[in-house]
Amino acid sequence: MADELVLLDVHVSMFGMRVRIALAEKGIKYEYREENLANKSTLLLETNPVHKKIPVLIHNGKPICESLIIVQYIDEVWKDKSPLLPSDPYQRAQARFWADFVDKKVFDAGRKIWRTKGEELEAAKKELIDALELLEGELGDKPYFNGDTFGFLDLAFITFYSWFHTYETCGNFSIEKHCPKLIKWAKRCMERESVSKSLADPITVYEFVLMLKKKYGH
Amino acid sequence: MADELILLDLWSSPFAMRVRIALREKGLDFESIEEDLSNKSPLLLKMNPVHKQVPVLIHDEKPVCESTIILQYIDEVWRDKAPLLPSDPYERARARFWADYIDKKIYSTGRLVWATTGEIQAAAKKDLIDCFKLLEMVLGDKPYFGGKTLGLVDVGLIPFYSWFYALETCGEFSLIDECPKLVSWAKRCLQKESVSKSLPDQYKIYDHLMDLKKKFQAQQKF
């Protein structure tokens, strides 16, 4: 019986992009459904009643929620192709730690950059730059966070690259100036089809944020 | 060579309690070093430079941070005894989802119940009871969230049992009335030595949380 896969997603979501990359890495076919978060579908509300958020992956009718949990699920079910998590438990713990760091620090600071002004904005910029510099330190001289091959942490973080232009424009600063190695790493990841096909165009992301700013008066 | 396990610990931290339970479930010997968060040790700052928080598990001198990540690490290294996660990928995803839900909701909501008053406390109390009722539904008729034995979700949630007396006293409600299944589940967990040895006394925690409450309220005053 062929697997039935449906992904409830939003094109500009860095969390949704993670799942798209994972599915592409494994060569898995799926049906993509774009959600309108101002008017959530019945399917979304039924499959993620707790958080009512995207992404949701529905595999043969059974939903999986939370992007990093979905990615690990995909990695465990389709384990014979393109493994995403390292096999060593210590390295797995490190990858999970830094992916959690991205979720906590990069997302929160980035969000404040396009939603605030003045002092709050300056504080958010510093927070973001500090977080990115720490990540750059973690990358070191490796081609990927995962080492010689693209892996879980690369996947978890590269999706934020599509939002860099938005952060830079709203915050009036250059990420490359602070973290040149990260930009090199990002461009290296973008050479992978799974990544380049899954990431939203940075201009599309910025236009989406401008629309939100207008709507909510940020 | 025997594994060297050091836990940078805090008696009152629900997150540290999780790791103590998991290590004991696996029958592992470890050294617990009590941290003073107002005066963090050089070892803590070296082993967790990013967050500077406990718990940190140091295994043969290599640190692992963030309690839910530590639990999965312990489970993956010592696979053969007392598995915390099931083998089926879908069930693993479900367990991780609920462990993440507990991480997102219980600490912050519970804290508002014992640390605040008035409208904020009332809203938090309702929210917390709703969370516990949802978790009761997830538990269903199983003895543990993990099925027949303690799982990731059980270990993630049971430390908050040490908060029950403080929550009921400050929030003026009875958990056994609101969430009887959850209370039965908690008592069942406490029959396990790994849990009873790892959780502090509820009254000691109450006194400690009331000290924190004073500090918290002092910070909020203008």
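The values are calculated or read from the model by the stated rules, or taken from the named source; none is laboratory data. On a predicted model such as this, the values are computed, not experimentally measured, just so you know. Heads up, the Cβs are rebuilt from the backbone with ideal geometry, glycines too, and the neighbour counts pull from every protein chain shown.
For every residue, the table says whether it meets (1) assigned by TED's automatic domain parsing to the domain that holds A:GLU191; (2) surrounded by 15 or more Cβ atoms within 10 Å (Cβ to Cβ).
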site: A:VAL19; (1), (2): no, yes
site: A:ALA24; (1), (2): no, yes
site: A:GLU31; (1), (2): no, no
site: A:LEU37; (1), (2): no, no
site: A:LYS62; (1), (2): no, no
site: A:SER67; (1), (2): no, yes
site: A:ALA93; (1), (2): yes, yes
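The residues in region B:76-115 that are modelled with pLDDT of 95 or more, in a loop (DSSP other than H, G, I, E, B) and more than 10 Å from chain A (Cβ to nearest Cβ) can be counted, and the count is 5.
Taking the numbered list (1) crowded, with 17+ Cβ neighbours inside 10 Å; (2) assigned to a helix (DSSP H, G or I); (3) hydrophobic (A, V, I, L, M, F, W, C) in turn, A:PHE150 passes all entries but (2). So for region B:162-170 (the condition being among the small types (Gly, Ala, Ser), touching a Phe, Trp or Tyr at 6+ places or on another chain (Cβ under 6 Å), in the same structural domain as B:ALA99 (by TED's automatic domain parsing) and within 27 Å of B:SER87 (Cβ to Cβ)), does at least one residue qualify? Checked against the condition, which is being among the small types (Gly, Ala, Ser), touching a Phe, Trp or Tyr at 6+ places or on another chain (Cβ under 6 Å), in the same structural domain as B:ALA99 (by TED's automatic domain parsing) and within 27 Å of B:SER87 (Cβ to Cβ), region B:162-170 yields no hits at all. Selection of first residues in region A:113-134 that are within 14 Å of chain B (Cβ to nearest Cβ) and under 26 Å from B:PRO49 (Cβ atoms) and of second residues that are modelled with pLDDT of 95 or more and outside any helix (DSSP H, G or I), restricted to Cβ pairs under 8 Å at least 6 apart or on distinct chains, gives the following pairs, ordered by first then second residue: A:LEU132/A:CYS179; A:GLU133/A:CYS179; A:LEU134/B:VAL50. Annotation: of all residues in region B:61-71 being at the interface with chain A (Cβ under 7 Å from one of its Cβ atoms) and within 19 Å of the chain's Cα centre (by Cα), the one that is nearest to A:ILE64 (Cα to Cα) is B:ILE69. Among the residues of region B:38-53, those identified as farther than 25 Å from A:ILE69 by Cβ and more than 10 Å from chain A (Cβ to nearest Cβ) are B:SER38, B:ASN39, B:LYS40, B:SER41, B:PRO42, B:LEU43, B:LEU44, B:LEU45, B:LYS46, B:MET47, B:LYS52. If you go through region A:40-70 and pick out every residue that is under 20 Å from B:ASP88 (Cα atoms) and facing another protein chain (nearest Cβ under 10 Å), you end up with 11. In region B:181-194, the residues that are closer than 17 Å to B:GLU25 by Cα form Cβ pairs under 7 Å with partners that are exposed (fewer than 15 other Cβ atoms within 10 Å of the Cβ), at six or more places apart or across chains, as follows: B:LEU190/B:SER196. When you check A:LYS26 against the structure, is it within 14 Å of another protein chain (Cβ to nearest Cβ) and over 26 Å from A:SER82 (Cβ atoms), yes or no? Spelling it out, it is not the case that A:LYS26 is within 14 Å of another protein chain (Cβ to nearest Cβ) and over 26 Å from A:SER82 (Cβ atoms). Within region A:191-218, residues that are without any contact (Cβ under 8 Å) to a residue 40 or more places away in the chain sit with their Cβ atoms under 7 Å from residues that are in a helix (DSSP H, G or I), at 6+ positions apart or across chains, in these pairs: A:SER196/A:MET190. For region B:17-40, the set of residues classified as closer than 25 Å to A:ALA131 by Cβ and touching a strand residue (DSSP E or B) at 6+ places or on another chain (Cβ under 8 Å) consists of B:GLU35 only.
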